[in-house]
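Here, each number is a calculation from the coordinates, and none is a lab measurement. For clarity, every value in this text was computed on a predicted model and none was experimentally measured. Note: ideal-geometry Cβ built from the backbone for every residue, glycine included; neighbour counts use all protein chains shown.
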Amino acid sequence: MAANKCFCDTGLSFENCCGLYLENNQKAPTALALMRSRYSAYATHNGDYLLETTYISERKYYSKAEILKWAAANKWQKLEILSFTENTVEFKAYFLDSNNKPQIHYEFSTFKLENNAWFYVDGKFE
């Protein structure tokens with residue numbers, strides 16, 4: 001049986017891609033890898049991972065319940081990386097909302113490396 005493809009559209013299997021970070025407690029080696037794994041965390045409704053990988057000063061702006069509500073309300077279709085640098089990722093996330101209507105979430109995200117771990121800081125949206 002073929003392994004499940006990763007949600008983040010690398011073409012790799014989940015266990016050899018975002019599963020390394022979501023299930024095996026490995027640290028994402030780059031901001032891009034962290035961003036991809038956070039997309040997969042939305043697709044798999046992993047609110048703990050999303051909070052843990054949010055920069056500590058920003059966590060007060062998020063609640064696990066709200067994250068899970070949004071993650072579960074949508075059907076995540078695909079991730080498109082538009083551009084990235086060492087600490088930024090510009091992307092589009094395609095999903096179907098609770099009414100099965102196609103939506104696109106655009107974001108320019110900023111990340112920070114601290115104690116050898118990458119964290120999501122914030123994002124600019126359109």
Counting Lys and Arg as +1 and Asp and Glu as -1, each charge on the Cβ, what is the dipole of the chain about the Cα centre in debye, to the nearest 20? 220 debye
Could you give the nm distance between label points at Lys78 and Ser63, where each point is 7 Å from its Cα heading toward the beta carbon? 3.5 nm
Residues with amide H under 5 Å from that of Asp122, placed H, sequence gap 5 or more: Thr110
Between their Cα atoms, which of Lys5/Lys124; Lys75/Lys101; Lys92/Lys124; Lys75/Lys112; Lys5/Lys75 are more than 20 Å away from each other? Lys5/Lys124; Lys75/Lys112
In terms of the Cα gyration tensor, with a ≥ b ≥ c the square roots of its eigenvalues, is the chain rounded because a/c is under 1.5, prolate because a/b exceeds b/c, or oblate? rounded
